[in-house]
Amino acid sequence: MLVTLKNVSVAFGADAILDQANLIIEPNERIGLIGRNGAGKSTLLKLIDGEVLPDDGELIRQQGTVVGRLVQEVPNDINYDIRAVVALGDEHRGDALARFYVEGDGDVDLQNTLNELDAWSLDVQVKTLCSKFELDPETQFTELSGGMKRRVLMARALVKNPDILLLDEPTNHLDIETILWLENLLLGLNVTMIIVSHDRSFVDKLCTKIIELDRGLITSYPGSFQTYLRTKAKAIEDEETVNAKFDKRLAQEEVWIRKGIQARRTRNEGRVRALKKMRDERRQRRERQGTAKINLNQGGKSGKVVIEAENLHARFDEKVIIDDFSCRILRGDKVGIIGPNGCGKSTLIKILTGENQAHKGDIKIGTSLDIAYLDQHRSAIRDDLSVQDNVSGNTEITINGQSKHIMGYLQDFLFSPARARAPAAKLSGGERNRLMLAKLFTQPFNFLVLDEPTNDLDYETLELLEQLLMDYSGTLLLVSHDRTFLDNVVTSTIAFEGDGKVYEYIGGYQDWLAQKRDAAKPAEPAKKKSAAPAAAVVKPKKKLSYNLQRELDQMPVKIDELENKIKALTEKMAKPEFYQQEQSLVAAAGNDLKALQDELDGCFARWEELEE
């Protein structure tokens, strides 16, 4: 065991971030750390790293255990070149080696210090990592893009050969290509990892165990992220059932204690003490934080053709970033835009929405468009204003024709009244994203442009936004490096594929990947004219029989029916009065619920089988 937490508590406010929490970290585990925004994930990483000490309990770290950490925020005060930044990851020898990189070998005292610290072996490690990460050692850190800075900071976290690697949102600001490179790098490392990430594909690919931080407690779920989702759903259901039984019993005891004079004369004092204990237990129960209740403030219908672009050309500093691109976007289309950082995705958005002009080409923008735009830098947020004043200077706002108090609206986005009055400068990354969405959705729109909307959102808010966009009837332009989000939301994908070449594909990320791979295959050798066309030699996809296709087509309906039955039965069982009936009926309902869940799991498995 590398690290053990025994009944550890840490508190910064009214509720403890860790409340008698327990955790064991074994060698070579790859752990995904899950939790709501503000639950304390970053604090737990700092605790393991030794930056934060527990208020109570015991933290045991195996002697000699080395911890490396990639922080969530990219520092803005680093004025070194890349090799010096990497070297500073070693707190014992890094400062001296960084000074050597800056000052050179003219300082004899510095040379002696480097010899005494055995810093030359660190120098070898720095050069090795720069080569492995494809970094120019002498380039200034301030000149790098956000994605390249993250790459440098990853090398810094690895420079001292850690036993435990702590990764706080490692995919932020990374494009898909770099995320895939990072996945393969981490899979090849012989090191224990704890990963905090909103990227579900990334977590599912890497992690062998999920730990969840919820209301101060840590719960472990062996297996992948998908396994966690299934197990967690059952855990929430069981918790609601247990709480409902407890609340029913407490209500019965409260009725008993309030009976008349005669009953109080003969009451059992032990029962009274038990009731007081139950009251304390109920008072101390920490309820699950609610889910954000986001509603899109949809405007009227736009024209049928939203954007029509022909032969667009665009340059940046004489470099061609868009070369002869054409597209036609209709009302209701949901278009994803993918490509490496700096390739021109934001430029394309500005051209398509009329904010900028292309150097060549024609573009026609449709009629009756109300555009709402979320930029990746969240520049619409003013840190000197409160959350409330950032959203609106008025106490009342209008959403879909209905007036609503600003505090009630912000509570839908999980901002308490106290948090709503706090300055935006004090918000976490996830809270800033929720604030931006709250501000954006106060205006009516029928054309929504989202540039990296998923950064720092917790999974529940992410999935809610995902569902809203899937149900949204307007037009969507979405820039994202979240592969799962793209697959679930978009109907077509515009991909930047290098040298200014931009192409449009039907479907999401996985569809683009499959089509791009097909396009990348070497062409068939030229054949004589009598030969079949090239398209004829492509192996056709195997078709389902009529009965299997019919089964596949009906599967979503069947799944929907089962989910509705499970929901109805779960709601029925959650009511306290349900447990006042005969025990046999309660048990039968529980068996029915298990049977429905088993049938639903079977349907999902069968659906996947037929799809493949």
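The values are calculated or read from the model by the stated rules, or taken from the named source; none is laboratory data. Fair warning: this is a prediction, and the values are worked out from it, not measured in the lab. In this analysis, Cβ positions are derived from the backbone assuming ideal geometry, glycine residues included, and neighbour counts consider all displayed protein chains. These area figures cover heavy atoms from the full protein model, side chains too; ligands, DNA and RNA do not enter into them. Shrake-Rupley method; radii C 1.70, N 1.55, O 1.52, S 1.80 Å.
The table that follows gives values for the structure above.
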| item | result |
| --- | --- |
| Any pair with Cβ under 8 angstrom, 6 or more apart, that starts in region 199-220 at a residue that is over 17 Å from LEU166 (Cα atoms) and ends at one that is small (Gly, Ala, Ser) and in a helix (DSSP H, G or I) | THR219/ALA235 |
| Condition broken by LEU44, with the remaining ones in (1) surrounded by 17 or more Cβ atoms within 10 Å (Cβ to Cβ); (2) in contact with an Asp or Glu (Cβ under 8 Å, 6 or more places away or on another chain) satisfied | (2) |
| Residue ID - farthest from ASP163 (Cα to Cα), chosen from residues in region 61-92 that are among the polar types (S, T, N, Q) and surrounded by 13 or more Cβ atoms within 10 Å (Cβ to Cβ) | GLN72 |
| Residues satisfying the stated conditions in region 305-330, i.e. open to solvent by 50 Å² or more (accessible area, probe 1.4 Å), in contact with a His (Cβ under 8 Å, 6 or more places away or on another chain) and hydrophobic (A, V, I, L, M, F, W, C) | VAL320 |
| Test: ASN394 is farther than 22 Å from VAL449 by Cα, open to solvent by 70 Å² or more (accessible area, probe 1.4 Å) and of a type outside the set (Asp, Glu) | yes |
| Pairs, first modelled with pLDDT of 85 or more in region 28-44, second assigned to a loop (DSSP other than H, G, I, E, B) and surrounded by 20 or more Cβ atoms within 10 Å (Cβ to Cβ), C-beta under 7 Å, six or more apart | ARG30/CYS207; ILE31/CYS207; GLY32/CYS207; LYS41/GLY35 |
| Answer from LEU23, LEU53, LEU5 - the residue that is open to solvent by 50 Å² or more (accessible area, probe 1.4 Å) and among the hydrophobic types (A, V, I, L, M, F, W, C) | LEU53 |
| Top-ranked residue in region 243-280 [being among the polar types (S, T, N, Q) and assigned to a loop (DSSP other than H, G, I, E, B); ranked as modelled with the highest pLDDT] | ASN268 |
| Residue match in region 424-442 (condition: within 25 Å of LEU513 (Cα to Cα), open to solvent by 10 Å² or more (accessible area, probe 1.4 Å) and either in contact with a strand residue (DSSP E or B) (Cβ under 7 Å, 6 or more places away or on another chain) or touching a residue at least 40 places away in the same chain (Cβ under 8 Å) (or both)) | no |
| Among (1) modelled with pLDDT under 75; (2) open to solvent by 60 Å² or more (accessible area, probe 1.4 Å); (3) closer than 24 Å to VAL242 by Cβ - the single one LEU585 does not satisfy | (1) |
| Region 491-525, residues that are of a type in the set (A, V, I, L, M) and modelled with pLDDT of 80 or more | ILE494, ALA495, VAL502, ILE506, LEU513, ALA514 |
| Meets criteria (hydrophobic (A, V, I, L, M, F, W, C), surrounded by fewer than 20 Cβ atoms within 10 Å (Cβ to Cβ) and in a helix (DSSP H, G or I)) for LEU468 | yes |
| Residue in region 412-423 that is most open to solvent (accessible area, probe 1.4 Å), counting only those that are over 21 Å from the mean Cα position of the chain (by Cα) and either touching a residue at least 24 places away in the same chain (Cβ under 8 Å) or over 12 Å from SER386 (Cα atoms) (or both) | ARG421 |
| Residue within region 221-239 that is assigned to a loop (DSSP other than H, G, I, E, B), surrounded by 20 or more Cβ atoms within 10 Å (Cβ to Cβ) and touching an Asp or Glu at 6+ places or on another chain (Cβ under 8 Å) present | no |
| Output for region 331-352, where each listed residue is in contact (Cβ under 8 Å) with a residue 60 or more places away in the chain and either part of a strand (DSSP E or B) or open to solvent by 30 Å² or more (accessible area, probe 1.4 Å) (or both) | ARG331, ASP333, LYS334, VAL335, GLY336, ILE337, ILE338, PRO340, ASN341, GLY342, SER346 |
| Output for region 471-482, where each listed residue is in contact with a Lys or Arg (Cβ under 9 Å, 6 or more places away or on another chain) and surrounded by fewer than 21 Cβ atoms within 10 Å (Cβ to Cβ) | TYR472, SER473, LEU476 |
| So ARG382, is it touching a residue at least 40 places away in the same chain (Cβ under 8 Å) and open to solvent by less than 70 Å² (accessible area, probe 1.4 Å) | no |
| Qualifying residue in region 354-376 (condition: open to solvent by less than 20 Å² (accessible area, probe 1.4 Å), within 26 Å of VAL71 (Cβ to Cβ) and not small (Gly, Ala, Ser)) | yes |
| Whichever residue in region 436-461 is aromatic (Phe, Trp, Tyr) and not in a helix (DSSP H, G or I) and, among such residues, is modelled with the lowest pLDDT | PHE441 |
| Residue count, region 487-517 (criterion: more than 27 Å from PHE316 (Cβ to Cβ), surrounded by fewer than 16 Cβ atoms within 10 Å (Cβ to Cβ) and of a type in the set (D, E, K, R)) | 1 |
| Failed item in (1) touching a Gly at 6+ places or on another chain (Cβ under 8 Å); (2) open to solvent by 20 Å² or more (accessible area, probe 1.4 Å); (3) among the aromatic types (Phe, Trp, Tyr), with TYR459 passing the rest | (1) |
| When residues of region 397-410 are limited to those that are modelled with pLDDT under 85 and among the polar types (S, T, N, Q), the one most open to solvent (accessible area, probe 1.4 Å) | GLN402 |
| Helices (runs of 4 or more DSSP H) contained entirely in region 97-204, each with at least 2 residues that are closer than 30 Å to ASN37 by Cα and in contact with a strand residue (DSSP E or B) (Cβ under 9 Å, 6 or more places away or on another chain) | 146-158, 176-187 |
| Filtered residue count, region 172-200, keeping only those that are open to solvent by less than 30 Å² (accessible area, probe 1.4 Å) and over 26 Å from SER9 (Cα atoms) | 13 |
| Scope region 45-72; condition in contact (Cβ under 8 Å) with a residue 60 or more places away in the chain and either within 29 Å of the chain's Cα centre (by Cα) or closer than 22 Å to GLU431 by Cα (or both); matching residues | LEU45, ILE48, ASP49, VAL66, VAL67, GLY68, ARG69, LEU70, VAL71, GLN72 |
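A quick yes/no check of all residues on (1) more than 26 Å from ASP199 (Cα to Cα); (2) not small (Gly, Ala, Ser):
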site	(1), (2)
ASP384	yes, yes
GLY401	yes, no
TYR409	yes, yes
SER416	yes, no
ALA424	no, no
ASN433	no, yes
THR442	yes, yes
